Amino acid sequence: MNTRSHALPDNVTTDQLTGAWVAVTKTMRDTSVTKEKRMEKIMHILKGITEVSPKSLEALLEISDYEWKLINNASPKVKNFYNKAHDLATDINFHKMDRDKKRAVAAKLLNSISETEDKEMEEITRKVMLLLLVIVVVCFVVHADDEDASVKAQQTQLNGSDWFGAQFSADDCILANRS
């Protein structure tokens with residue numbers, strides 16, 4: 001359960017959240033634009049919807065860039081799968097479908113991959129999650145002397161949409177693509 005005080009404003013609608021999600025997802029993947037420009041654009045998109053720490057957003061972009069680097073080096077079928085999944089994630093009409101229809105579309109996509117491709121995708125996921133874990137652990141070590149480090153640890157939730165609320169310093173924690 002989210003115990004942070006970052007409640008959504010009352011005037012934010014589901015359509016606004018969906019539109020923001022789609023815009024943020026598209027912006028994150030657009031590596032033709034510098035990370036700084038993507039950060040500015042995402043901060044602008046989310047203004048009035050939620051507060052985002054620039055350092056948290058920077059860490060999120062590092063992880064996303066690392067994931068897409070792995071995807072772009074994957075086999076053609078795995079790369080195609082991720083591209084189709086990204087297309088769905090950024091399709092406003094997909095988000096407007098009822099749950100059963102979304103599940104059917106997702107199941108069709110998932111059933112299109114072989115066991116070998118599934119294992120390759122699991123390896124990509126494992127590497128991304130390992131990077132995420134390393135970043136979080138390093139961040140907590142960096143902040144171990146902070147009097148409110150335990151509060152930061154409780155506030156940091158690693159479940160999808162709550163990622164924006166992570167309270168650690170990306171300057172201290174960014175390790176992606178550095179070794």
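Below, the figures for the structure above:
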| item | result |
| --- | --- |
| Exclusive hit being more than 20 Å from the chain's Cα centre (by Cα) and at pLDDT below 90, set Lys119, Lys96, Lys108 | Lys96 |
| Test: residue in region 65-77 that is over 15 Å from Asp118 (Cα atoms) and touching a Leu at 6+ places or on another chain (Cβ under 8 Å) | yes |
| Residues of region 122-147 satisfying the condition of being of a type in the set (Asp, Glu) and at pLDDT 75 or above | Glu122, Glu123 |
| Residues (without any contact (Cβ under 8 Å) to a residue 24 or more places away in the chain, farther than 12 Å from Trp21 by Cβ and part of a helix (DSSP H, G or I)) located in region 89-108 | Asn93, Arg99, Asp100, Lys101, Lys102, Arg103, Ala104, Val105, Ala106, Ala107, Lys108 |
| Identity of the residue in region 109-122, in a helix (DSSP H, G or I) and in contact with a helix residue (DSSP H, G or I) (Cβ under 7 Å, 6 or more places away or on another chain), that ends up nearest to Arg29 (Cα to Cα) | Met121 |
| Residue count, region 31-73 (criterion: part of a helix (DSSP H, G or I) and either free of Cβ contacts under 8 Å to residues at least 12 places away in the same chain or out of contact with any Pro (no Cβ under 9 Å at 6 or more places or on another chain) (or both)) | 29 |
| Residue within region 43-65 that is loosely packed, with under 15 Cβ neighbours inside 10 Å, of a type in the set (Lys, Arg) and under 24 Å from Gln16 (Cβ atoms) present | yes |
| Given (1) over 25 Å from Glu123 (Cα atoms); (2) at pLDDT 95 or above; (3) in contact with an Asp or Glu (Cβ under 8 Å, 6 or more places away or on another chain); (4) of a type outside the set (A, V, I, L, M, F, W, C), number of the condition Lys41 does not satisfy | (3) |
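The values are calculated or read from the model by the stated rules, or taken from the named source; none is laboratory data. Everything numeric in this text was worked out from a predicted model, so none of it was measured. Ideal geometry is used to build each Cβ from the backbone, glycine not excepted, and the neighbour counts take in all protein chains shown.
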